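Asks: The structure's right below; bear with me while I get my questions together.
The values are calculated or read from the model by the stated rules, or taken from the named source; none is laboratory data. Nothing here was measured: the structure is a model prediction, and the numbers come from that model. Glycine also receives a Cβ, built like all others from the backbone with ideal geometry; neighbour counts cover every protein chain displayed. With ligands, DNA and RNA removed, areas are computed over all heavy atoms of the protein, side chains included. Shrake-Rupley method; radii C 1.70, N 1.55, O 1.52, S 1.80 Å.
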Amino acid sequence: MAERKVLVLFGSQTGTAEDTAERIGREAKRRHFQCRVEALDSCDVANLIHEPLVVFVCATTGQGDPPDNMKLFWRFLFRKSLAPSSLCQLDYAVLGLGDSSYPKFNFVAKKLHKRLLQLGGNPLLPVALGDDQHDLGPDAVIDPWLLALWDRILALYPLPHGLEIISPDVRLPPKYILHFLPEDSPTPEGGLQLPAAPRAVPSQQCPFGARLVANQRVTAEAHFQDVRLMELDVSGSGVRYSAGDVVMIQPQNCPEDVQQFCQLLRLDPDRLFVLEPTEPGTALPALLPQPCSVRHLVTHYLDICCVPRRSFFHLLACCSPSPLEREKLQELSSAQGQEELYSYCNRPRRTTLEVLWDFPHTASAIPPEYLLELIPCIRPRAFSIASSMLAHPDRIQILVAVVRYKTRLSKPRRGLCSTWLASLSPEQGDVRVPLWVKKGGMQFPADPDTPVIMIGPGTGVAPFRAAIQERVAQGKRGESYLFFGCRHRSGDFYCQAEWEELVAKGFLTLFTAFSRDQEEKVYVQHRIQEQGKLLWELLSSRSAHLYLAG
């Protein structure tokens, strides 16, 4: 009989494709397949020719772009040197996750499917196109497609004699085993600290601990929104960036939430453990030290403040000793319960921690080794860099709007990263923020004589501040045009003194729109209309570049 193994590869930006890939991996194991689940860039693409069966799950980001963790794979796959018969022994299926409100809906999945066909691959099913805009989300497409996929796969690879599909109600073995160390084990010297001196160019696997230099509120105290201009010292990191680049910041949970979580699950936050994969070949999670404390795991790794996905409720139901709670969890994880799940979780933005409070008997019975499958890791947040290295060597500045809003839940919702950043102060001592830099989607003209028109309402002005500082440092006068909009001149006119000084020195032409400072609302689009003649002259006769950020 042919070897029963399946490889599930994902390209994921926000975690949805990864979560779906893990679901397919679990379903494969219930059907007694050997299964690996990996990010596309983690797998050796050259080995695809030896894989008999691969399921691809990929999201589409931005304007039809592949996610960051499949960009290397993408470049390799589209090499012209690949022979048309390269993948002739590969059976494959492609599941796309996208949003039909974007013009290039599921562009990556469609293009991947087409390319695998060109290389001789054998599709098991037509490409599936999950849509965030559907009332039930991508699951409306995923659920029926997976049923059809397993029918097709089991026709090619029947269950071994005497074996049956493992019931969804049976808990599969965990991915990792947690070995708790004796209670009096010493904490390893510096083992849980973030390195302030990088071993390599800072990246997601090896972030740099940048020292916080300043955290200044740039909105009036009476203004409804708290916005910060933060400055971070990256000297010695090897970090280099240009205007338009993005800094990725790895946030952490607040101590109160960590304490609550440990209480609910009856975990000792100071207890140390080591992780061991259940199956050989499974990689250990990056960024988790060995040994690791429970506090470090919950503070820096588990996203206990995210809105949980359907898979969370399914695994939670498998862990529940309470018949009443288990029944409710099964309902919320079922295909029929998705509207109720949306109403309970997504609409009010209920967090994982809050859900666990609602199911206390289940929470206290969760085996610790399932935590890494139950709760996703904290994802980094992207911020446009708001400074130029020419003006501020070895420093990165960012504009951070602190996210806080109300839903029907009594407690206001708070953004994990912005709330954490706002809570930091250089006066607390040597405060470090884990970060790395990525190329941004904006590239400003290399020739400083090219006029630049920048439309940046609110914190959208951040990348333009970097570009203007860069052009000023190059000594270029009069070719930078900025349209800035906010509510009130006295409330949220970010960097007002800086802009006014540059205008006075002839480095900047500034157009402002303060929407609430007069009876009739005025927005940046009104200022753009008023300056239509100037803009057309710059674009048509002077080859100006126009940029918009929100």
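Asks: So V452 passes all but one of these: (1) within 31 Å of the chain's Cα centre (by Cα); (2) in contact (Cβ under 8 Å) with a residue 12 or more places away in the chain; (3) open to solvent by 20 Å² or more (accessible area, probe 1.4 Å). Which condition number does it fail?
Replies: Every listed condition holds for V452 apart from (3).
Asks: Also, quick follow-up: Quick test of your reading of the structure: H32 fulfils all but one of (1) assigned to a helix (DSSP H, G or I); (2) at positive phi. Name the failing condition by number.
Replies: With (1) assigned to a helix (DSSP H, G or I); (2) at positive phi applied to H32, the lone miss is (1).
Asks: Can you name every residue in the stretch 100-112 that is open to solvent by 30 Å² or more (accessible area, probe 1.4 Å) and either closer than 20 Å to N69 by Cα or charged (D, E, K, R) (or both)? Break it down into steps so the answer makes sense when it comes.
Replies: Residues of the stretch 100-112 that are open to solvent by 30 Å² or more (accessible area, probe 1.4 Å), as a first pass: 100-105, 107, 110-111.
Within the stretch 100-112, K104, F105, F107, K110, K111 qualify.
Asks: Find the residue count for the stretch 66-99, including only residues that are open to solvent by 70 Å² or more (accessible area, probe 1.4 Å) and in contact (Cβ under 8 Å) with a residue 40 or more places away in the chain.
Replies: Residues that pass the stated criteria total 1.
Asks: Name the single residue, out of those in the stretch 1-19 being in a helix (DSSP H, G or I) and open to solvent by 10 Å² or more (accessible area, probe 1.4 Å), that is nearest to G98 (Cα to Cα).
Replies: Narrowing the stretch 1-19 to residues in a helix (DSSP H, G or I): 16-19.
Add one more test, that the residue is open to solvent by 10 Å² or more (accessible area, probe 1.4 Å), and what stays is 16, 18-19.
Working: T16: 10, E18: 14, D19: 14 Å.
The selected residue is T16.
Asks: May I pose another question? Looking only at residues that are free of Cβ contacts under 8 Å to residues at least 12 places away in the same chain and of a type in the set (S, T, N, Q) in the stretch 393-438, which one is farthest from Q252 (Cα to Cα)?
Replies: Applying the filter and picking the extreme gives S410.
Asks: Within the stretch 479-491, which residues are crowded, with 16+ Cβ neighbours inside 10 Å and either of a type in the set (K, R) or over 18 Å from P463 (Cβ atoms) (or both)?
Replies: Correct list: R487, G491.
Asks: May I pose another question? Identify all residues within the stretch 318-342 that are free of Cβ contacts under 8 Å to residues at least 60 places away in the same chain, open to solvent by less than 30 Å² (accessible area, probe 1.4 Å) and assigned to a helix (DSSP H, G or I); write none if there are none.
Replies: Result: E325, L329, L332, S333, G337, L341.
Asks: Could you grab me the full set of residues in the stretch 263-280 that are open to solvent by 80 Å² or more (accessible area, probe 1.4 Å) and either of a type outside the set (K, R) or not assigned by the TED database to the domain that holds L353 (or both)? Before you say what the answer is, go through the steps one by one.
Replies: Let us first name the residues in the stretch 263-280 that are open to solvent by 80 Å² or more (accessible area, probe 1.4 Å), namely 263, 266, 270, 276, 279-280.
Correct list: Q263, D270, E276, E279, P280.
Asks: In the stretch 151-201, how many are closer than 30 Å to R240 by Cα and either at pLDDT 95 or above or in contact with a Pro (Cβ under 8 Å, 6 or more places away or on another chain) (or both)? Quick ask: steps written out before the conclusion?
Replies: As a first pass, look at the stretch 151-201 and keep what is closer than 30 Å to R240 by Cα: 190-201.
Within this subset, residues satisfying the condition of being either at pLDDT 95 or above or in contact with a Pro (Cβ under 8 Å, 6 or more places away or on another chain) (or both) are 191-192, 194.
Residues flagged as closer than 30 Å to R240 by Cα and either at pLDDT 95 or above or in contact with a Pro (Cβ under 8 Å, 6 or more places away or on another chain) (or both) within the stretch 151-201 amount to 3.
Asks: Then there is this: Here is a check on your reading of the model: is P463 crowded, with 16+ Cβ neighbours inside 10 Å and part of a loop (DSSP other than H, G, I, E, B)?
Replies: Criteria not met by P463.
Asks: If only one of D139, D151 is open to solvent by 40 Å² or more (accessible area, probe 1.4 Å) and assigned by the TED database to the domain that holds V54, which one is it?
Replies: Going through D139, D151 in turn, the sole match is D151.
The rows are residues; the columns are (1) open to solvent by 10 Å² or more (accessible area, probe 1.4 Å); (2) assigned by the TED database to the domain that holds A462; (3) within 23 Å of the chain's Cα centre (by Cα); (4) over 30 Å from F493 (Cβ atoms).
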{"site": "H223", "(1), (2), (3), (4)": "yes, no, no, no"}
{"site": "L229", "(1), (2), (3), (4)": "yes, no, yes, no"}
{"site": "G236", "(1), (2), (3), (4)": "yes, no, no, yes"}
{"site": "S242", "(1), (2), (3), (4)": "yes, no, yes, no"}
{"site": "D245", "(1), (2), (3), (4)": "no, no, yes, no"}
{"site": "F261", "(1), (2), (3), (4)": "no, no, yes, yes"}
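Asks: For R23, which of the numbered conditions (1) open to solvent by 40 Å² or more (accessible area, probe 1.4 Å); (2) under 17 Å from the mean Cα position of the chain (by Cα) fails to hold?
Replies: Every listed condition holds for R23 apart from (2).
Asks: Check off (1) touching a helix residue (DSSP H, G or I) at 6+ places or on another chain (Cβ under 6 Å); (2) at pLDDT below 95 for Q133 and give me the number that stays unchecked.
Replies: Here Q133 clears every test but (1).
Asks: Across the stretch 35-65, what is the total count of residues that are in a loop (DSSP other than H, G, I, E, B) and open to solvent by 60 Å² or more (accessible area, probe 1.4 Å)?
Replies: So the answer is 2.
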